[in-house]
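To start, the structure under review is shown below, and the notes come after it.
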Amino acid sequence: MSDFAPGPTGTDEVLFAVEGSLGRVLLNRPRAINSLTRDMVRAMSERLVAWADDDAVAAVSLEGAGERGLCAGGDVRQVREAHLAGTSGGVDFWADEYSLDAQIAEYPKPVIAVMDGIVMGGGLGISMFATARWATERSRIAMPETVIGFFPDVAATYRLSRAPGETGTHVALTGTTVTGADAVHLGLADAVVDSARVPELLAAVAAGGPVEPVPSGATKGDGSAIRSAQPWIDECYAGDDAAAVVERLRAHPDPAARAAGEEISLRSPLSVAVTLEALRRAADAGSVREVLATDTVIARGMLARPDFSEGVRAQLVDRDRQPRWEHASVAEVPRSQVLDVFSG
């Protein structure tokens with residue numbers, strides 16, 4: 001076992017070790033499913049800078065402590081508290097988080113993301129742009145932001161807008177949780193490996209072996225429910241009108257489509273409309289960094305609207321699951337208000 005230790009910022013919420021030629025990053029907030037704090041983000045960024053110039057480190061792995069998952073996302077409760085207190089803490093967190101996501105996407109050495117267990121929100125931000133993205137049989141992967149009055153940030157729309165057909169649109173608007181096989185089909189992961197094999201696979205890289213996105217014995221998207229559902233997904237989610245999408249879903253003969261329509265109707269209407277707009281714009285983006293720059297603008301715009309604070313309250317603070325959204329339905333969201341979110 002590697003001797004993990006705090007990094008340059010001193011926080012023990014993320015630990016680091018060098019095992020052979022492998023630099024290991026261990027997110028260490030297991031009780032919070034390793035949700036990211038600003039201290040964690042800054043510590044990771046600084047250590048990645050150091051390892052980039054360290055000839056002894058040939059590759060980097062991103063792992064999560066505990067049995068529950070790699071990372072449940074950014075700590076949006078802290079973002080909400082900072083916003084309600086009138087400070088810039090939330091915006092500052094997103095700036096650092098998005099910078100780390102870009103750093104990983106552009107890293108000069110191979111990065112392995114062990115996407116075991118829960119990987120959501122900011123957890124995807126640090127993993128879906130890695131060189132080797134290993135989901136497992138335990139993976140539960142999602143961008144559930146529309147349920148808290150936000151949008152799939154961390155450049156998730158870059159990946160989801162490039163998923164087969166409209167599968168990425170379905171995942172983004174509903175916030176539904178998918179399996180490792182689904183994640184491979186969506187382009188969020190490279191392979192599904194047996195979780196019990198992860199230690200030996202990392203040990204092989206530490207011993208100087210190659211970083212393989214699809215290790216021998218791994219599977220690629222076998223049994224993906226998203227793939228099986230693609231005919232009705234592609235039919236219902238076409239176009240740029242979020243209200244029309246919901247109408248098609250609700251009227252579709254497939255019960256799974258109707259269920260998706262109901263799920264979207266429970267999400268923040270503004271979030272759903274903004275998310276669809278963000279997906280369509282991201283499809284034409286030239287880089288991850290370009291999408292992250294847009295995400296910065298959208299995040300500020302969404303923070304200024306009431307649905308974010310209300311959604312986090314209902315889902316994560318009071319946990320009553322009864323958000324009072326600004327709009328009664330997606331059909332009532334003015335187009336001008338969606339565009340305002342993107343205007344900076």
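The values are calculated or read from the model by the stated rules, or taken from the named source; none is laboratory data. None of these values were measured; they are calculated from a predicted model. Cβ: placed from backbone, ideal geometry, glycine included. Neighbour counts: every protein chain shown. We work out accessible area using only protein heavy atoms, side chains counted, and drop any ligands, DNA or RNA first. Shrake-Rupley method; radii C 1.70, N 1.55, O 1.52, S 1.80 Å.
Of the residues making up the stretch 100-111, those that are free of Cβ contacts under 8 Å to residues at least 60 places away in the same chain, part of a helix (DSSP H, G or I) and open to solvent by 10 Å² or more (accessible area, probe 1.4 Å) number 1. For the stretch 68-86, give me each residue that is at pLDDT 95 or above and open to solvent by 50 Å² or more (accessible area, probe 1.4 Å). The one that is at pLDDT 95 or above and open to solvent by 50 Å² or more (accessible area, probe 1.4 Å): 68. Note on the stretch 148-168: residues that are farther than 17 Å from residue 93 by Cβ and β-branched (Val, Ile, Thr) amount to 2.
Select from the stretch 247-263 the residues that are surrounded by fewer than 24 Cβ atoms within 10 Å (Cβ to Cβ) and not charged (D, E, K, R) and write down the one among them that is nearest to residue 297 (Cα to Cα). For the stretch 247-263, the residue satisfying everything is 261. Of all residue pairs spaced 6 or more apart or on separate chains, those with beta-carbon atoms under 9 Å, a first member in the stretch 223-234 that is at pLDDT below 95 and a second member that is surrounded by 18 or more Cβ atoms within 10 Å (Cβ to Cβ) and among the hydrophobic types (A, V, I, L, M, F, W, C) are 223/181.
Identify, from the list 343, 309, 271, the residue that is assigned to a helix (DSSP H, G or I) and open to solvent by 10 Å² or more (accessible area, probe 1.4 Å).
Numbers: 343 fails: assigned to a helix (DSSP H, G or I); 271 fails: open to solvent by 10 Å² or more (accessible area, probe 1.4 Å).
It is 309.
Here residue 202 meets each of (1) more than 16 Å from residue 142 (Cα to Cα); (2) part of a loop (DSSP other than H, G, I, E, B); (3) modelled with pLDDT of 95 or more with one exception, condition (2).
Listed by first and then second residue, the pairs linking a residue in the stretch 305-322 that is more than 21 Å from residue 342 (Cα to Cα) to a residue that is in a helix (DSSP H, G or I) and at pLDDT below 95, with Cβ atoms under 6 Å apart and 6 or more places separating them unless they lie on different chains, are 312/76; 312/80; 316/77. Residues that are in contact with a helix residue (DSSP H, G or I) (Cβ under 6 Å, 6 or more places away or on another chain) and either of a type in the set (Ser, Thr, Tyr) or more than 18 Å from residue 131 (Cα to Cα) (or both) were ranked within the stretch 22-41; the one that is most open to solvent (accessible area, probe 1.4 Å) is 38.
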